[in-house]
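Taking it in order: structure first as structure tokens, then the write-up.
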Amino acid sequence: MIRRLAPYAVAVAAAGAITAVIGVVAPAATPSALSSLYLLPVLWLAARWGRGPAITGSVAAFLLYDFFFVPPVGTFTVRGPAEVLELAVLLAVALVTSQLAASQRRAQATAEALAKDSRALYDLATSMLRANDVTHALKLVADGALKSPVVERFAVVGEAGQLAGSQLTADELNQAAWSRDRAQAVGIAIKDGAVVPMKTHGGASSLAYLPLQSGVVVLTLRPEPAEAAEMRMLAALIGLADLLLDRRRATVEAERARGFEASDRLKAAILSSLSHELKSPIAALRAGLTALTAPRAGLQEEQRELLGDLDRQATRLDRMVGDLLALSRLEAGVEMDREPHSLADVVGGSLREIRPQLKGHEVTVRIPDDLPPVEVDEMQVGRVFSNLLENAVEWAPPQGGIEVGAVAIDDHVEAWVENDGPPIAPADLERVFDTFWTRRTSGTGLGLAIVKRVVDAHGGVIRAENRRRGPRFTFTLPLARFAVSR
């Protein structure tokens, strides 16, 4: 209390001191000429303590000057209009001067506070950027927040749990997860660059939760009134925590992507190695089986039938190994040998390749004669059509129809293969292109996976959908920049 009243006592004393000085000098000069001396302590009071003590000094100067120097001296009465005007001017000048000086003091104090906050944020941001570990940088932010006079508790929670700050209980962590999942703030908000408390049912001492892009800030504000500068500083610290959480998430995602990439490279290398190692013995096995089924081998009919079954299984195994090798090369990012080609020629080659399997099915080709050429790897796109046609044969009923078509749209060609037959389950429309996923008990799950990899390598997209007659696989290929040379 004494400290709060001291400036006002100094104001009265300063007015009294100036009155004494004017009383000493008065015989040599008129008091009205010396009344401006009262402005000196008023200016000093306003610059030192603000408007309150300055106004007190102005009023004290007004009363003392009236009592000691305005006739009739020794009373607070005023003799005439001239003296009233003199006192009014003195009071008005003193009040205006005190107001201006106090405003200047507030502006200077605000500038100093902003400079201090900026310096603190700069130091903290510099330390944060120098820290290699994001978790350590988050601890620096939490420590800075806990030093604030308005903060009682402060913690940063990420997707995997608490990362820095005051220790939280299991229930508090669950509440933080709830706030993050629903993107709903509890107890506080940030408006105009400052933290703003909000009413909650838990009272002033309850925790507040503010969801960020990649986590949640949990804090408790002290019940005492807070200065605006402190709330702005707290909002800036929360902004730094948000940036750090984003940086941490990006780092985690990059590490996860590198792990997946390394895993894919290892898988592709293993598949490629196994495929190469299996190719030679399978080729030798098929050659031996072909020789044994020849008439001059002298085998009986039952033995030749058994060898025929073995040859078909060896052929299937050879096809599977070939698919594995093709898939491993595609996943390794093998370069496509892209040249302008007629899509009708590519489709015709695929139809000739699997003609025996198409026997009994009505195949319709809907490719316009004026369809522009496509810029593709002929062998790989031929494999796309072959795999899709084989899939259509597998699911089309006996005598069922199969349609192959294409149409030019803007800068690409949209092609499709459709067949009569049962629809694909809606939940499986996206999964059919996954490696090793198949609807057949004897399938390998590689055919459609290879199709998708080839289409992706050409910059196209592929989708599966159910039409009225049955499933349709639609994909896009780029148009050639130059015409096909004849």
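Find out how many positive minus negative residues lie around SER166, taking Lys and Arg as positive, Asp and Glu as negative, among other residues whose Cβ is under 14 Å from that of SER166.
Around SER166, the charge tally is +1.
Report Rg/Rh for the range 355-449, rounded to two decimals, where Rg is the Cα radius of gyration and Rh the Kirkwood radius.
0.98
Relative contact order, percent, of the range 387-434 when contacts are C-alpha pairs under 8 Å separated by at least 6 residues?
Once divided by the residue count of the range 387-434, the mean separation gives 35 percent.
Report the FRET efficiency, 1/(1 + (r/R0)^6), for ARG222 and ALA257, where r is their Cβ-Cβ distance and R0 is 35 Å, rounded to 0.05.
0.20
Excluding ligands, DNA and RNA, what is the solvent-accessible area per residue of the range 136-275 at a probe of 1.4 Å, expressed in Å²?
Computed with neighbouring chains in place, this is 55 Å² per residue.
Which loop GluC sites (Glu not before Pro) in the range 147-247, with loop taken from DSSP, have no more than 13 other Cβ atoms within 10 angstrom of their Cβ?
Filter output for the range 147-247: GLU227.
Hey, what did the range 359-451 get for relative contact order, percent, Cα under 8 Å, at least 6 apart?
29
The values are calculated or read from the model by the stated rules, or taken from the named source; none is laboratory data. Just so you know, these numbers come straight off a predicted model, no measurement behind them. Here the Cβ is made from the backbone with ideal geometry for all residues, glycine too, and neighbour counts use every protein chain on show. Ligands, DNA and RNA are excluded from the accessible area calculation, which covers all protein heavy atoms including side chains. Shrake-Rupley method; radii C 1.70, N 1.55, O 1.52, S 1.80 Å.
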